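Written out below as structure tokens is the structure these notes cover.
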Amino acid sequence: MKKIALVGAGRIGTHHARTIAGEVAGVELAVLADPVAQHRDELAAELNVASTLDDPLQIAQDETIDAVVITAPAANHVELITAFAAAGKHIFTEKPVAITVPDAKAAVAAAKEAGVLFQVGFNRRYAESWARAKEMVAAGAVGSVQRVHSMTRDPGPWPGDPAKVAPGTIFNETLIHDFDTINWLNEGAEPVEVYAVADALVAPEAKGTGFFDSSVVIIRYSNGAMATAEASFSAMYGYDLRGEVFGSKGMTSMGNLANTDARLYDSGGGHCDTSGTDTSRFHEAYRLEFQTFADLINGKNVDYPGAEAGIKAQLVAAAAIKSVAECRPVQISEVNE
């Protein structure tokens, strides 16, 4: 039984801790690290986690810990990954690998030099319709890929404060999922050019501050395929993740706006439930990615999104940020430092 430490017991970290502790075989959640002691300790008691820490870097000195799951803010990733890799701990990190391409490359280099497993939290690959679409595209069912589209529209109303959102968040933390799945579905091709537009449409009072809550990104690939990715922080009708791959022989689509096939038809028309969040709509995808990580650290040979996927998605995000800032198409080579 491999022992895992989890760093960061916020909203997503809490979900991941519960999932690992209760639904993933082959591992034991042994440590929770977070500076917010009350919630961390309550969660540890709930899950029977033996140890809690204020300072996550102490995990590096614990020889009983085999692997670390990082759900801390992205700005802390490079320091944590570097320290845990040097200590020989296998690493699962939530996306993105880091905030900048140089930091992401430094983190990946540290993991590679240490010879530890390194998985990135691109959970959408494990969602049922995306996984099946990937199988169909790989089998040639749609022919040569010509167009890929992906969208992430978070459920509204958006509760955030623009002043507390880090620059580039819509690209580095929201659309990073779309960039990864597009790269993955168009396997064998490399992104070569990115053009992006973005604005504060959900929070128009933040226009001109560098805050963006809405964006459309166009990506050109080395095989000639064109892709679009779009995001909004606030879809008032629910949580909306969808996509499609169009090719020379056909098309496959992914995602479903409704939570169920059931419909209500009454005097007001037709109705379906579109409510939900990432952890409710995609809980099984999260569970599967952690089972994959558990299988990896237990010596099984399974496919997973690793360092290369993390860097490739980060390059698209960096190009999109530069494109918005300079109002022009940006070559991937310009940000591949």
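Output yes when any residue across the range 62-76 is within 21 Å of G299 (Cβ to Cβ), under 16 Å from the mean Cα position of the chain (by Cα) and not in a helix (DSSP H, G or I), and no when none is.
Yes, some residue in the range 62-76 is within 21 Å of G299 (Cβ to Cβ), under 16 Å from the mean Cα position of the chain (by Cα) and not in a helix (DSSP H, G or I).
How many residues does the range 240-269 hold that are modelled with pLDDT of 90 or more, in a loop (DSSP other than H, G, I, E, B) and touching a strand residue (DSSP E or B) at 6+ places or on another chain (Cβ under 7 Å)?
Looking only at that region, the number is 2.
Taking the range 1-20 only, how many residues are surrounded by fewer than 21 Cβ atoms within 10 Å (Cβ to Cβ) and touching a strand residue (DSSP E or B) at 6+ places or on another chain (Cβ under 6 Å)?
Summing the residues that are surrounded by fewer than 21 Cβ atoms within 10 Å (Cβ to Cβ) and touching a strand residue (DSSP E or B) at 6+ places or on another chain (Cβ under 6 Å) in the range 1-20 gives 3.
With respect to the numbered conditions (1) assigned to a helix (DSSP H, G or I); (2) of a type outside the set (F, W, Y); (3) farther than 26 Å from D240 by Cα, which one is the sole condition not fulfilled by G88?
(1) is the only condition that G88 fails.
Starting from residues that are small (G, A, S) and part of a strand (DSSP E or B), keep the ones in the range 119-167 and report whichever is nearest to the chain's Cα centre (by Cα). First the steps, then the outcome.
Just the residues of the range 119-167 that are small (G, A, S), to begin with: 121, 127, 129, 131, 133, 138-141, 143-144, 150, 156, 160, 163, 166.
So of that shortlist, the ones also part of a strand (DSSP E or B) come out as 121, 150.
On the way: G121: 5, S150: 14 Å.
Looking at the filtered set, the residue picked out is G121.
When you go through (1) closer than 30 Å to P167 by Cα; (2) outside any loop (DSSP other than H, G, I, E, B) one by one for D41, which number turns out not to apply?
(1)
Have a look at T274, T209 and point out the one that is touching a residue at least 24 places away in the same chain (Cβ under 8 Å), in contact with a helix residue (DSSP H, G or I) (Cβ under 9 Å, 6 or more places away or on another chain), under 24 Å from P155 (Cβ atoms) and surrounded by fewer than 19 Cβ atoms within 10 Å (Cβ to Cβ).
None of the other options fit; the residue is T209.
Could you give every pair whose Cβ atoms fall below 7 Å, whose first residue belongs to the range 295-310 and is closer than 17 Å to H77 by Cα, and whose second residue is small (G, A, S), counting only separations of at least 6 or pairs across chains?
A307/A111; G310/A104
For M236, only one of the following conditions fails: (1) over 21 Å from R124 (Cα atoms); (2) open to solvent by less than 10 Å² (accessible area, probe 1.4 Å). What is its number?
(2)
Does the range 305-326 contain at least one residue that is of a type in the set (D, E) and open to solvent by less than 70 Å² (accessible area, probe 1.4 Å)?
No, there is no match, as no residue in the range 305-326 is of a type in the set (D, E) and open to solvent by less than 70 Å² (accessible area, probe 1.4 Å).
Only one residue in G88, G188, G115, G143 is touching a Ser or Thr at 6+ places or on another chain (Cβ under 6 Å), surrounded by fewer than 24 Cβ atoms within 10 Å (Cβ to Cβ) and on the phi > 0 side of the Ramachandran plot. Which one? Give the derivation first.
Working: G88 fails: touching a Ser or Thr at 6+ places or on another chain (Cβ under 6 Å); G188 fails: touching a Ser or Thr at 6+ places or on another chain (Cβ under 6 Å); G115 fails: touching a Ser or Thr at 6+ places or on another chain (Cβ under 6 Å).
It is G143.
Considering the range 221-239 alone, what residues qualify as being under 24 Å from A206 (Cα atoms) and either of a type in the set (D, E, K, R) or outside any strand (DSSP E or B) (or both)? So that I can check it myself, show each step before the final result.
In the first step, residues of the range 221-239 are kept if they are under 24 Å from A206 (Cα atoms); the result is 229-239.
If the condition is that a residue be under 24 Å from A206 (Cα atoms) and either of a type in the set (D, E, K, R) or outside any strand (DSSP E or B) (or both), then E230, M236, Y237, G238, Y239 are the ones that fit.
The values are calculated or read from the model by the stated rules, or taken from the named source; none is laboratory data. As the structure is a computational prediction, the values presented were derived from the model and not from experiment. Cβ coordinates were reconstructed from backbone atoms using ideal geometry, including for glycine residues, and neighbour counts include every protein chain displayed. Areas reflect the complete protein model, heavy atoms only, side chains present, ligands, DNA and RNA absent. Shrake-Rupley method; radii C 1.70, N 1.55, O 1.52, S 1.80 Å.
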